[in-house]
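A.B. asks: Take this structure first; my questions come after.
The numbers here are math on the coordinates, done by the rules we state, and not lab data. None of the values given here were measured: they were computed from a predicted structure. FYI the Cβ positions are ideal-geometry reconstructions off the backbone, even for glycines, and counts take in every protein chain you see.
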Amino acid sequence: MKQAEMLLKKEEQVIFSLRALFEQYGYRKFKMSKFEEYDFYADNRSFLNSETILTFTGLDGKLLALKPDVTLSIVKNTKGNRDSAERVYYNENVYRARKGAGEYKEIMQVGLEYIGEVDEYATLETLLLAQKSLKAISDEYIMDVSHMGFVAGLMEEIGLPYVQQKAILDCISEKNAHGIRNICKEVNLADDMTQKLEALASLYGGLEETLEKAKALCCNGKMEQAVKELEDILRCLKIGGNEKNVNLDFSIVNDMDYYTGIIFQGFINGVPSSILSGGRYDNLLRKLGKDADAIGFAVYLDLLERFESTEKEYDVDTLLTYEDDVDVAALAKAAQMLTDNGQSVLVQKKNTGNVKYKQLLCMKDRGLEIVAELD
């Protein structure tokens, strides 16, 4: 590992890698203010990942919000349309309560948005960049793909009231077939539809074999269209040999008012929750009066703190101690010699025992001595 890489945290290394990747595909950096007027987020609260928003009063008396989201700001300011797509990426911290957490978190995100006409290529490009982003973090990754049109089509066919529909969607996301069966029994849903819902919750695996099972569940045009889109994506992925590590998982059920098509999540070994999440979200563009489609994803870099599961063997290559009245110029020269050779060096008067090192040196009046050296 190069010395520069050793000095960067994992998330910092990933940021540099992803910025280079996104710019290579023509995405330009978007920079937003830390604050927006609260009313903007309040009017679009249904499109936020968290219902809670940190607010404060500005010097002019206006109620401001500490940014809980980046995508909303990008869509608000975009010039992208169906004739001229806009590609942007960002590296921002947002402030919101993470799902399951009891307090606000500062969440570090890197992501991108494609705003324009989202055709088959735009969808494929986004998925490939999501896949490359995961690989930039770890070779041990999985990307799960779903389609909200498939789930929405089945729910339309069933035609249950909102409360029961939401309860079933929650069970699907939990892969809870028993819970689905109980709800269907309560509302006297036909056995064939109950079986389709149970099958949907457990439908998971490689794209090719799982799509064949999904076809058997189709019962309207919306579901068939979703399967066709997924088949087109699979065909394109296979041409480039990129279908590996990609699975189909219809238990990914995100907000149906927000997402309208392909949705996906990314996981890496060592982190228990999804580190990447994205999809197509045309409804937000409609809400803000934009004549365009949109697709994008975010990488949650704060989760990388959990990725480094093994403790570092040592803090520095060399711990350099020194005696009283030592020649300071000689001490500085010794430290420079070590750093010039690519080593990391910590200079302190005594070995306090709280620094892990590969070797321990001591500068004395008679010169530099090796006190300890690890194998």
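A.B. asks: If the convex hull of the alpha-carbon atoms of the chain is projected onto planes in all directions, what is the mean projected area in square nanometres?
C.D. replies: Over all viewing directions, the chain projects a mean Cα-hull area of 25.9 nm².
A.B. asks: Here is a follow-up. For the range 224-296, just list the percent of Cα-Cα distances falling in each 5 Å bin from zero outward, please.
C.D. replies: Calculated over all Cα pairs of the range 224-296, the distribution is 3, 13, 19, 23, 20, 13, 7, 2, 0 percent.
A.B. asks: Can you compute the modelled spin-label distance between residue 287 and residue 44, with each label point 7 Å from Cα toward Cβ, in nm?
C.D. replies: According to this spin-label approximation, the distance is 0.8 nm.
A.B. asks: With no solvent and one equal point scatterer per Cα, compute the Debye intensity ratio I(q)/I(0) for the range 183-237 at 0.13, 0.27, 0.28 Å⁻¹ and report its log10, rounded to two decimals.
C.D. replies: -0.38, -1.10, -1.14
A.B. asks: What aspartates and glutamates sit close enough to residue 364 to cross-link, taking a C-alpha to C-alpha distance under 12 Å and skipping anything fewer than 8 places away on the same chain?
C.D. replies: Output for residue 364: 323, 324, 325, 327.
A.B. asks: As an exercise, use a Förster radius of 45 Å and the Cβ-Cβ distance of residue 339 and residue 273 to find the FRET efficiency, rounded to the nearest 0.05.
C.D. replies: Computed FRET efficiency for residue 339 and residue 273 comes out at 0.70.
A.B. asks: Could you give the length gained by full extension between residue 19 and residue 35, i.e. 0.36 nm per residue of separation minus their alpha carbon distance, to one decimal place?
C.D. replies: 3.4 nm
A.B. asks: Within a Cβ distance under 10 Å of residue 86, other residues only, what is the Lys/Arg minus Asp/Glu net charge?
C.D. replies: My count for the surroundings of residue 86 gives +2.
A.B. asks: Return an integer: the convex hull volume of the alpha-carbon atoms of the range 49-181, in Å³ per residue.
C.D. replies: It comes to 200 Å³ per residue, whole-number rounded.
A.B. asks: Now for a separate question. Ordered by packing density, taken as the mean number of other Cβ atoms within 10 Å over each peptide's residues, highest first, how do 285-291, 161-167, 348-354 rank?
C.D. replies: 285-291, 161-167, 348-354
A.B. asks: Given the Cα-Cα distance of residue 235 and residue 346 and 0.36 nm per residue of separation, how much length would full extension add, in nm?
C.D. replies: Result: 34.5 nm gained on full extension.
A.B. asks: Normalise the Cα radius of gyration of the range 228-375 by 2.2 N^0.38 Å (N = residues in it) and let me know the number.
C.D. replies: 1.88
A.B. asks: Per residue of the chain, what 222 nm ellipticity follows from adding -39500 (n - 2.57) for every DSSP H run with n ≥ 4, rounded to the nearest 500?
C.D. replies: About -11500 deg cm²/dmol.
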